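Below you'll find the structure, written out as structure tokens, and then a few comments.
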Amino acid sequence: MSEVDEDAVMSDVDWQEETHQDEAGEDEKVQVCHLTQETISQGLSLLCRTGNGLGHAFVKLDLKDKELNDIAAITSYIHLRFLDISNNRITDLSPLASLIQLLWLKVDNNAVACVKGQPFTKLTYLQWLSMAGNQLTELDGLVGPALESINLTGNSIKTLKGLQSSCFANLVTLELRGNHLDTTDGINLPNLRRLYLAQNMIKRLEGLERLERLTTLHLRDNRLDSLNGLSPSMKCLQYVNVRGNAILDENGLQYLGLVSNTLRALVLSENPLVETADYRLSVLILVPHLERIDKDPVSPEERAEAQERIKELKEEEIPQP
């Protein structure tokens, strides 16, 4: 890319029809919308000094809502740091491998089903990535040594295999809402702080003992009937949201005691448990330091009642002479 070169050498939208064979062997015409130099020129902004300090280039490119399914023309724009290609029809991200200066990438609402060509292995400076609303079923090919935040909401991911610290050493926020997960197993990210797993089909909490620095665990609208799987190694956990699960009674909450020293907020609404009148008291007996249950802060009266009940339970456990 030249210093501020914006030559418009093609039409704004370059449409072609390519012939493919469908599963029955019949020819099927697919309309291809190529990315053009003019479209790129219209989306460029944020003029900055290049990495070597010898020139200037536009480092931000907005290509959202262009109906694109071919972005090959982007490969020569090697100085880009911020790229938005959301709301298109893209299936192939391999052209991104040339953009080795990228810091921020948004690919929401496309048709990416797999990561072809390992482009992310070249994006060693990428810190923020959003691929919400695609068709991913697995995480193969997705790596990011500098990534701090990944949003994979609204895909079809069934397994968390691949979420290893060797691939995501700096990851602190992971969003996997609205996928097809039935377990939390597979997340080996000791530096992770925030994990969002709402609207899946999770029945089991597994492997959480590896998340030693996790502060936020969001599990709304899953299929949990117990919090078995919480671990005492989760020494930073402050917020747990299990709204809209299947926790029937306080037996399903016993494992909260393993994280009671740090937990400060717990959301339990829309579980069968909350139909009982004294569920808040039961929770406070298990987790005396809680500051909020559901939307309401813990009142001084509630805390005093819980402390009194804890005292009574301790006295009951002392054997009589």
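Please list, ordered by residue number, the strands (runs of 3 or more DSSP E) wholly in region 67-141 having 1 or more residues that are among the acidic types (Asp, Glu).
By residue number, 82-84.
I'm checking my understanding of the structure. Among residues of region 265-302 that are of a type in the set (Val, Ile, Thr) and under 14 Å from Leu248 (Cα atoms), which one is surrounded by the fewest Cβ atoms within 10 Å (Cβ to Cβ)?
Only one residue fits best here, namely Thr276.
Please specify each residue of region 117-126 satisfying the condition of being closer than 23 Å to Glu67 by Cβ and in contact with a Leu (Cβ under 7 Å, 6 or more places away or on another chain).
Pro119
So, in region 257-272, of the ones that are modelled with pLDDT of 95 or more and part of a helix (DSSP H, G or I), which residue ends up farthest from Gly229 (Cα to Cα)?
Only one residue fits best here, namely Pro272.
Taking region 15-41 on its own, how many of its residues are modelled with pLDDT of 85 or more and either of a type in the set (D, E, K, R) or exposed (fewer than 15 other Cβ atoms within 10 Å of the Cβ) (or both)? Even if it seems obvious, please write down each step before you answer.
Initially, region 15-41 is screened for residues modelled with pLDDT of 85 or more, giving 33-41.
Within this subset, residues satisfying the condition of being either of a type in the set (D, E, K, R) or exposed (fewer than 15 other Cβ atoms within 10 Å of the Cβ) (or both) are 38.
Counting residues in region 15-41 that are modelled with pLDDT of 85 or more and either of a type in the set (D, E, K, R) or exposed (fewer than 15 other Cβ atoms within 10 Å of the Cβ) (or both) gives 1.
Test Arg204 against the stated conditions and say whether it is at negative phi, touching a Pro at 6+ places or on another chain (Cβ under 7 Å), touching a residue at least 12 places away in the same chain (Cβ under 8 Å) and surrounded by fewer than 17 Cβ atoms within 10 Å (Cβ to Cβ).
Criteria not met by Arg204.
Which one is farthest from Tyr239 (Cα to Cα), of the residues in region 273-299 that are of a type in the set (D, E, K, R) and outside any helix (DSSP H, G or I)?
Looking at residues that are of a type in the set (D, E, K, R) and outside any helix (DSSP H, G or I), I get Asp278.
Run Glu301 past the list (1) free of Cβ contacts under 8 Å to residues at least 12 places away in the same chain; (2) under 16 Å from Asn241 (Cβ atoms) and report the number of the one that doesn't hold.
For Glu301, the failing item is (2).
Filter region 101-118 down to residues that are surrounded by fewer than 19 Cβ atoms within 10 Å (Cβ to Cβ) and at pLDDT below 95 and give me whichever is nearest to Ile157 (Cα to Cα).
My answer is Cys114.
How about region 73-94: which of its residues are more than 15 Å from Val112 (Cα to Cα) and in contact with a strand residue (DSSP E or B) (Cβ under 8 Å, 6 or more places away or on another chain)?
Ala73, Ile74, Tyr77, His79, Leu80, Arg81, Phe82, Leu83
Hey, does region 216-229 have a residue that's assigned to a loop (DSSP other than H, G, I, E, B), at pLDDT 95 or above, under 20 Å from the mean Cα position of the chain (by Cα) and among the acidic types (Asp, Glu)?
Yes, that holds for at least one residue.
The values are calculated or read from the model by the stated rules, or taken from the named source; none is laboratory data. What you see is a predicted model, and the numbers here were worked out from it, not measured in a lab. Methodologically, a virtual Cβ is constructed for each residue, glycine included, from the backbone with ideal geometry; neighbour enumeration extends over all protein chains shown.
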